[in-house]
Amino acid sequence: MSNKKHILKRIIGFGLIIDFIILDQISKWVVLEYIFHPKIGGESLGFFEWITSPFRLPLVSTEILPFFNLTMVWNQGISFGLFQNGNPWPLIIMALTISVVFAIWLVKSEKWIEAIPLSMVIGGALGNVIDRLHFRAVADFLDFHIKDWHYPAFNLADSFITVGIVILVVNSLFFDRKKTKVQ
């Protein structure tokens, strides 16, 4: 790969990380402040007021479709509510460490099929780190369900992480065949 293309891939990859973080934070702000906050009788905050306010909304839910609700859940642990110990720092450090490792991989990446999902994972992880620093928990609100069974609530950052990891795994298992010489 030419040096110019490699530099362009890095710039776009790191630009996408910022885009994914912004999309995640704006989605949380819109849902929390313009859907949930009015339901509890509060006044919605502007984006920059919201970023500086540590106020955590109580449990509130609104049905969107028969199988989908917006439900406010504060996740102090990791996926599916595991490791709910109340101290965000171990999870922040873990997410930052993984982000650094993936950023190094992104810098070395020569393929878009790696660069874009790596950006998704890093952007999602950093979006959730921002929540942990801001609220000491991650704001989850996408609630899919079938009757009384609910899939654990999640957010856009979680979606970025999941889709990015799935693309990386599928690519490495089925499409990233290294050509080896038969001796």
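The values are calculated or read from the model by the stated rules, or taken from the named source; none is laboratory data. None of these values were measured; they are calculated from a predicted model. Here the Cβ positions follow ideal geometry from the backbone for every residue, glycine too, while neighbour counts run over all protein chains shown.
Against the test of being farther than 23 Å from Pro54 by Cβ, under 12 Å from the mean Cα position of the chain (by Cα) and either surrounded by fewer than 21 Cβ atoms within 10 Å (Cβ to Cβ) or of a type in the set (S, T, N, Q) (or both), the options Ser119, Ser172 yield a single qualifying residue, Ser119. Among the residues that make up region 139-155, is at least one of them buried (at least 21 other Cβ atoms within 10 Å of the Cβ), touching a Phe, Trp or Tyr at 6+ places or on another chain (Cβ under 8 Å), part of a helix (DSSP H, G or I) and of a type outside the set (Lys, Arg)? Looking for residues that are buried (at least 21 other Cβ atoms within 10 Å of the Cβ), touching a Phe, Trp or Tyr at 6+ places or on another chain (Cβ under 8 Å), part of a helix (DSSP H, G or I) and of a type outside the set (Lys, Arg), one finds none in region 139-155, hence no. Is there a residue being modelled with pLDDT under 95, of a type in the set (Ser, Thr, Tyr), in a helix (DSSP H, G or I) and farther than 22 Å from Phe160 by Cβ anywhere in region 40-62? So far as region 40-62 goes, yes, one or more of its residues are modelled with pLDDT under 95, of a type in the set (Ser, Thr, Tyr), in a helix (DSSP H, G or I) and farther than 22 Å from Phe160 by Cβ. Being touching a Gly at 6+ places or on another chain (Cβ under 7 Å) and closer than 30 Å to Leu173 by Cβ, is that true of even one residue in region 87-94? No, there is no match, as no residue in region 87-94 is touching a Gly at 6+ places or on another chain (Cβ under 7 Å) and closer than 30 Å to Leu173 by Cβ.
Okay, residues lined up against (1) of a type in the set (Ser, Thr, Tyr); (2) assigned to a helix (DSSP H, G or I); (3) on the phi > 0 side of the Ramachandran plot:
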| residue | (1), (2), (3) |
| --- | --- |
| Leu91 | no, yes, no |
| Leu96 | no, yes, no |
| Val101 | no, yes, no |
| Glu110 | no, no, no |
| Asn128 | no, yes, no |
| Leu133 | no, yes, no |
| Ser159 | yes, yes, no |
| Leu173 | no, yes, no |
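Among the residues making up region 1-45, a single one is touching a Ser or Thr at 6+ places or on another chain (Cβ under 8 Å), of a type in the set (Val, Ile, Thr) and buried (at least 18 other Cβ atoms within 10 Å of the Cβ): Ile17. Applying a threshold of 6 Å to beta carbon distances and a minimum spacing of six or more residues, or different chains, the list of pairs starting in region 103-116 at a residue that is surrounded by 11 or more Cβ atoms within 10 Å (Cβ to Cβ) and ending at one that is part of a loop (DSSP other than H, G, I, E, B) and among the hydroxyl-bearing types (Ser, Thr, Tyr) reads Ala115/Ser109.
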